[in-house]
Amino acid sequence: VVASLILVYFDSDRISCYGYLSSSAVRVRHPYVGISKQSRDFNRLSTSPITLTRRHSTSEVITERHTNQDDDGDDNNNALISITVPPFYKNDDNEENPNDDTDNNSYPSVLHKIHIQTNFLTPQEAATCLEHATQFAMSTGKWNQPDTDRHETYSTCDFPIEESKNLVSYLEDIQFQDRMFTQLSNLYGIDTEDMSFEDFFCANYEARANDDDDHDDHSINNNRDGATMDRLEAHRDGSLLSFTVVLTPPEQFEGGGTFFDALRDMTPSTPEEESVLYAPAGAVRVQNAGDSVMHCGKLLHGGDVVTSGTRTVLVGFVDIAAGCHRKGVLAKACRDFGRMDVAAIRYRRQCEKTKQPDGQKEKKGWAMRSQRWLPSNSKSCIRGYIPAFPSVTHRADPDYQRRRKLEAEDFLLRNILLPPDERVRTVPQLPLELFGGELPAEFFGEDGGEITFL
């Protein structure tokens, strides 16, 4: 049931609807199940072609924050530390596309901020979550092997929160979702009704015994034996916003944290930044169990190496409604990321083809007949001799690759979010029976009318 009651009245140019007309009604019922189940629940009801839209107002973001209290009722110290990602994008192509509505000068945007909230959960709340999570993981073996079904590319030793009934029940009791979504709304200026969980899980990092690997090498996802993991290689999340809440007290492990490629070699500028930012890896390490790290999921990041002990965290991927996104920005950034990946593959292929036995001079090129895989009229179709271009080596240089990807990342951070007054929310389709039948065209006015949500 989407809502217990929907009242509709009409006037000459407006339809005003009272009731639950957004997916938040489903999120209240299933707060931790992810967007796929929300979609399935709504699809059962969506039998009508009607779609309702709303344009957001320019109202100020709520600035109230949740205040944690300890068992004695005293307020804990809820400090907020914010780190701004440095600029990398060079705004040099606006003249080529006068119809481009991107705002490349909007630095820093809200998405350039990485926020560390101390005591987001109280020590007691973090300890209780850790207890429920550990009991469930020990009984199911979830932390003994990576979950390659849910996280195929970057597999982690974790379990979905929804699988642990005790943990779900406790998170509901402490209003975890409301607290987290309100905090994200305050920090990033996004309506909580435009947020939904894409994924919410509990992951565990465990140090390796007699590990001789390079602890500074973040290109390794060190779960070779298919068992525990001590790090997670650099990646981008599928969601626009992400968060991590540490459950394990820091005295029980060493290392760990979330590293960000954009913060690599960044020197902390304040005592607060110095307390959480560890150079040169660009790793953010919190100081207390219950502290949270919130950031844009499109920032290249990963799990820094745990060198001793175990580190357990709650991780959430928070999806943002499409009506908040500027069209084409994510596609452009992905295209630029992909071009660099292709350049690296092209270089490896060139090395394979030009390599000679020891003592012999490398080949200057090789023959290619790509018409076997590509249409003959394609510009990418090549027949004949291919020289070993110096430009291929240049584009595969690690420093060049990193700089170009950071430029694309910065472009995305500046432009992916529409201004609040331009955001549109599309409400899932609802059966016309809820409105008593078909809606006459005259109710929408000459210009299509407006639907106002009160």
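The values are calculated or read from the model by the stated rules, or taken from the named source; none is laboratory data. Please read all numbers here as calculations on a predicted model, not as lab measurements. Reconstructed Cβ throughout: ideal geometry from the backbone, glycine too, with neighbour counts over all protein chains shown. Note: areas computed on protein heavy atoms with side chains; ligands, DNA, RNA excluded. Shrake-Rupley method; radii C 1.70, N 1.55, O 1.52, S 1.80 Å.
Could you please state how large a percent of the accessible area of segment 223-361 is carbon and sulfur, counting protein chains only and using a 1.4 Å probe? Could you put the intermediate results ahead of the total?
Values: 3010 of 5880 Å².
The computed percentage sits at 51.
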- line: Both in Å, the radius of gyration and Dmax of the C-alpha trace of segment 115-171 are 13.0, 34
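Tell me which chymotrypsin sites (Phe, Trp or Tyr not before Pro) from segment 294-401 have a DSSP coil assignment and no more than 13 other beta carbons within 10 Å of their own. Walk me through the numbers before you get to the answer.
Numbers: sites: Phe317, Phe337, Tyr347, Trp366, Trp373, Tyr385, Tyr400; in loops: Trp373.
Those satisfying the criteria are Trp373.
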- request: Report relative contact order for segment 99-193 in percent, whole number only (criteria: Cα-Cα under 8 Å, sequence separation at least 6).
  value: 22 percent
- request: Provide the net charge surrounding Glu163, with neighbours chosen by a C-beta distance below 12 Å and charges set as Lys +1, Arg +1, Asp -1, Glu -1.
  value: 0
- prompt: Roughly how many Å² of Glu254 are accessible to a 1.4 Å probe, to the nearest 10?
  reply: 110 Å²
field: Amide H partners (placed H, <5 Å) of Asn119, local residues excluded
entry: Asp291, Ser292
message: Nothing charged except the Cβ atoms of Lys and Arg (+1) and of Asp and Glu (-1): what's the magnitude of the dipole of segment 103-194 about its Cα centre? Round to the nearest 20 debye.
response: 340 debye
message: With every protein chain left in place and a probe of 1.4 Å, what is the accessible surface of Glu131, to the nearest 10 Å²?
response: 100 Å²
field: segment 308-380: trypsin sites (Lys or Arg not before Pro) in DSSP coil with no more than 15 other Cβ atoms inside 10 Å
entry: Lys327, Lys355, Lys361, Lys363, Lys364, Lys379
- prompt: Tell me, what is the per residue accessible area of segment 123-175 in Å², probe radius 1.4 Å?
  reply: 54 Å²
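For segment 362-420, compute Rg over Rh where Rg is the Cα radius of gyration and Rh is the Kirkwood radius from the inverse mean 1/r over Cα pairs.
Numbers: Rg = 18.2 Å, Rh = 14.9 Å.
Result for segment 362-420 is an Rg/Rh of 1.22.
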- prompt: Which one of Leu167, Gln145, Thr156 has its Cα pushed farthest toward the positive end of the charge dipole of segment 144-212, where Lys and Arg give +1 and Asp and Glu give -1 at the Cβ?
  reply: Leu167
